[in-house]
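All remarks here apply to the structure that follows.
Read the figures in this text as sums done on the coordinates, not as results from a lab. This one's a predicted model, so the numbers in the text were calculated from it and none came from an experiment. Ideal geometry is used to build each Cβ from the backbone, glycine not excepted, and the neighbour counts take in all protein chains shown.
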Amino acid sequence: MSEGTPATPETTPDQPRRRVLLAKPRGYCAGVDRAVETVELALEKYGPPVYVRKEIVHNRHVVETLRERGAIFVEETDEVPEGALVVFSAHGVSPAVHEEARDRGLRTIDATCPLVTKVHQEAKRFARDDYDILLIGHEGHEEVEGTAGEAPEHIQLVDKAEDVDKVVVRDPAKVIWLSQTTLSVDETMERVGQLRERFPELQDPPSDDICYATQNRQVAVKAMAPECDLVLVVGSRNSSNSKRLVEVALQAGARDAHLVDYAHEVDEAWLAGVTTVGVTSGASVPDILVMQLLEWLAERGWADVEEITTANEKIAFALPRELRKDLVR
Ligand code: SF4
């Protein structure tokens, strides 16, 4: 046995059975899968370096792996040499970023998730119809910056409850709310309720902006949380949907919940007095990291794993057009 690996604890007959509940769906969504594959194929097809504006998806492991293969992550397009190839991340970019890339003669591949693009289209359409748009989302998040950039003069960001009182609209009969795709469904509806108290004629988006993957992962974690003493969410600190899973687990009855990038980040003190551990992962997390966490738990006596399935996802998105045209498959 390697140093630092604890012996599997003995379980006496009167001790409750230690077990792991594993949420399904968890991990990669269709938009992340497409974005990561886009960078991988761009590296294969055009060779390194391939520049990527911002983290392609919010996951440390994914970013580090792509960096090792020749991707160069930059914050802004002005860091990309003229004429080079740059991929835009799954979170989307504003029209100003597209324009800047054009001005600098960059070759671009847009890996924006089609479900983020859908929200951009809604923002453009309602701005064209002269609505005030209340965008519920987290200040500073890349997706929100991209969406707001579609119609800055029409969009106001509503993040926290206190932002509701700051909203100013021109015509209360022409107000609509839209949202970031990766929010907590319950918290968003709470914010909508608060906005509607101020603006009773507030219109709903034509279809859900919180995407299927975010919703499904929250439903799965809610189903298992009441039975869990501890929920471990695999995901990065800058991943909005992963952080929401921790909050949703706690709200749904888990006694404790934590976000970890890797199994080795789990603090063994969290396991004290724990019988049932719930495990899930954010939409940007490769399942290998979840499997490593399950192994880590098994080594400590939580070897019995039961999958809790609340939905089967079959959604897949076509690769970005700019890449597809160069690929012979
Ligand atoms: S979390 Fe949702 S919006 Fe974001 S990339 Fe995945 S499918 Fe697209």
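Some points to look at:
- Simple point charges give the picture: +1 on the Cβ of Lys and Arg, -1 on the Cβ of Asp and Glu, and for the stretch 6-151 a dipole about the Cα centre of about 820 debye.
- 5 Å binning of all Cα-Cα separations within the stretch 115-198, expressed as whole percents from 0 upward: 3, 16, 30, 26, 20, 6
- Put the Cα centre of the stretch 207-278 next to the Cα centre of the stretch 19-33 and the gap is 11 Å.
- Principal-axis tilt of helix 240-251 within the chain, Cα atoms, nearest 10 degrees: 50 degrees
- Along the axis of the charge dipole computed for the chain (Cβ charges of +1 for Lys and Arg, -1 for Asp and Glu, origin at the Cα centre), the listed residues LEU43, ILE288, ALA303 are led at the positive end by LEU43.
- Highest-fluctuation residue, ASN312, ASN238, ASN59 considered, GNM on the chain with Cα pairs under 10 Å: ASN312
- Across the chain, the fraction of Cα-Cα pairs farther apart than 36 Å, rounded to a whole number, is 27%.
- Signed unit charges on C-beta, dipole axis of the stretch 115-198, positive-most listed residue GLN121, ILE136, GLN194: GLN121
- Between amide H atoms placed 1.01 Å from N, distances below 5 Å from ASP110 occur with PHE88, GLU322, all of them 5 or more places distant or on a separate chain.
- Taking a point 7 Å from the Cα of ILE315 along the Cα-to-Cβ direction, the residues of the stretch 31-73 with backbone N closer than 14 Å to it are 31-35.
- Within the chain: Cβ-based charge dipole about Cα centre, in debye rounded to nearest 20 (Lys, Arg +1; Asp, Glu -1): 880 debye
- Trypsin sites (Lys or Arg not before Pro) restricted to the stretch 232-280 and DSSP loop, no more than 11 other C-beta within 10 Å: ARG237
- Remark: the stretch 115-198 carries a charge dipole of roughly 340 debye about the Cα centre, counting +1 on each Lys and Arg Cβ and -1 on each Asp and Glu Cβ.
- For the peptides 193-199, 272-278, the ranking by mean Cβ contacts within 10 Å, running from highest to lowest, is 272-278, 193-199.
- When only Cα pairs below 8 angstrom with a gap of at least 6 residues are kept, the chain shows a relative contact order of 26 percent.
- Lys pairs under 22 Å by Cα in the chain, provided they are eight or more residues apart or on distinct chains: 14
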